[in-house]
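The values are calculated or read from the model by the stated rules, or taken from the named source; none is laboratory data. Small disclaimer: the values here were computed from a predicted structure and weren't measured. All Cβ positions, even for glycine, are placed from backbone atoms using ideal geometry, and neighbour counts span all protein chains on display. Accessible surface areas use protein heavy atoms only, side chains included; no ligands, DNA or RNA. Shrake-Rupley method; radii C 1.70, N 1.55, O 1.52, S 1.80 Å.
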Amino acid sequence: MTEYRFSFGPWNIHEGADPFGPPVRPTVEFARKLGLYRELGFEGVQFHDDDAVPDVEDKTFDQLQKEAAEMKKLLDDQGLVAEFVAPRLWETPQGVDGGYTANDPAARQWALERTKRAIDIAHLLGTNLMVLWLAREGTYIRESKNAIEAYHLLRDALNQLLEYSPPIHFAIEPKPNEPMDQAYVPTIGHAIAMSYQTCDPTRVGGLIESAHALLAGLDPADEMGFALAHDKLWSVHLNDQNGLKFDQDKSFGAVNLRGAYNQVRVLELGGYSESQRFVGLDVKAMRTQKPEVAHLHLKNSRAVFLMLVDKVRSFPQDVQQQCVADRNYEALEMAVLEHLLVK
Ligand code: 3MF
Ligand code: MG
């Protein structure tokens, strides 16, 4: 039986600041975070470009190479691998109005150059996967941009980046809103449609985050099913979300256990573990959590995932088939609930 591989990003161990209050926990050094991965059962590290090379835009190419090589060595020493690199385009003043879809051509150029640097870092860290969370590619007011042009600009940017690096693969992480009022690629359907418009659709796929799908009013498991049907589910950010509010990044299964079960079920049906792609957990510790236990949300999310793998695998197939044959979905529903509730 193939094992799942788990990953998270350094931002998933954080200081607890929210828009209404400052940090409540001390910063954990990056090296200390790396030390926690194996202990918690994780082997994949998700990077933003500047997690790997701080102040990435101020560095010469030689410095970038040197620092990325040092980071690669840190990973090797801990038996870890880089899952992906993501360009952090949303924190720099040039990206205030978006990157690839900014109205200012200079900002668009900046976004492309920064992404190329992030691609260089990905290669130096030993991964061909780049995640594009299109944070500010959208609008606060519809009248500020032309949506048709914006989608063409996105396609053109992807094409230039695909040409820049023949091995790189892009996984677009859709999110419908936050920080923008409306984002241009709100669902995996949009991401995959974008993929087919590029010069190399085989190198553009998706990453699905449970909370982002829920914020779009969609079912994360079916979003994953859509991507799997297109062979384009290249990573996941599992977590949970209590209704349509800010992106909460709650521990996996913490709100809707059955929804979590169905996400695991579709990954099992799609043979995700055999693909050796990572199960990423994009979860946040509660602000109330004391520093010494501010990593439990990661451990717990992984444990819930594995418990749900057992639940999926032990669900009686004959019952499922009989209920479907009889079109007795009430019986099927009860069988699922009993299976989830009974130890
Ligand atoms: C935003 C996110 C981000 C992305 C990450 C990788 C902080 O809602 O989910 O996590 O996943 O930046 O691109
Ligand atoms: Mg995410």
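Per-structure values
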item	result
Near pairs, Cβ below 6 angstrom, 6+ apart or cross-chain, from region 1-23 (farther than 13 Å from Gln289 by Cβ) to any residue that is among the aliphatic types (A, V, I, L, M)	Tyr4/Val279; Phe6/Val279; Phe8/Leu281; Phe8/Leu298
Tabulated pairs, region 178-194, first within 15 Å of Leu244 (Cα to Cα) and modelled with pLDDT of 95 or more, second assigned to a helix (DSSP H, G or I) and open to solvent by 20 Å² or more (accessible area, probe 1.4 Å), C-beta under 9 angstrom, 6+ apart or interchain	Glu178/Leu215; Asp181/Arg142; Gln182/Arg142; Pro186/Leu215
Verdict on Pro167 being more than 16 Å from ligand 2 (Cβ to nearest atom) and part of a loop (DSSP other than H, G, I, E, B)	yes
One residue from Asp77, Asp51 being part of a helix (DSSP H, G or I) and either small (Gly, Ala, Ser) or away from ligand 2 (no atom under 16 Å from the Cβ) (or both)	Asp77
Residue in region 241-275 that is nearest to Val204 (Cα to Cα), counting only those that are within 16 Å of ligand 2 (Cβ to nearest atom) and polar (S, T, N, Q)	Gln263
Check on Leu238, modelled with pLDDT of 95 or more, within 12 Å of ligand 2 (Cβ to nearest atom), on the phi < 0 side of the Ramachandran plot and open to solvent by 10 Å² or more (accessible area, probe 1.4 Å)	no
Residues (in a helix (DSSP H, G or I) and open to solvent by 10 Å² or more (accessible area, probe 1.4 Å)) located in region 222-235	Asp222, Glu223, Gly225, Phe226, Leu228, Ala229
Close pairs from region 114-132: first open to solvent by 40 Å² or more (accessible area, probe 1.4 Å), partner charged (D, E, K, R), Cβ under 7 Å, at least 6 apart	Arg117/Asp49; Leu124/Lys72; Gly126/Lys72
For Gly206: the one exception among (1) surrounded by 23 or more Cβ atoms within 10 Å (Cβ to Cβ); (2) more than 14 Å from ligand 1 (Cβ to nearest atom)	(2)
Candidate set from region 67-110 (those that are more than 16 Å from ligand 1 (Cβ to nearest atom) and of a type in the set (Lys, Arg)); member that is surrounded by the fewest Cβ atoms within 10 Å (Cβ to Cβ)	Lys73
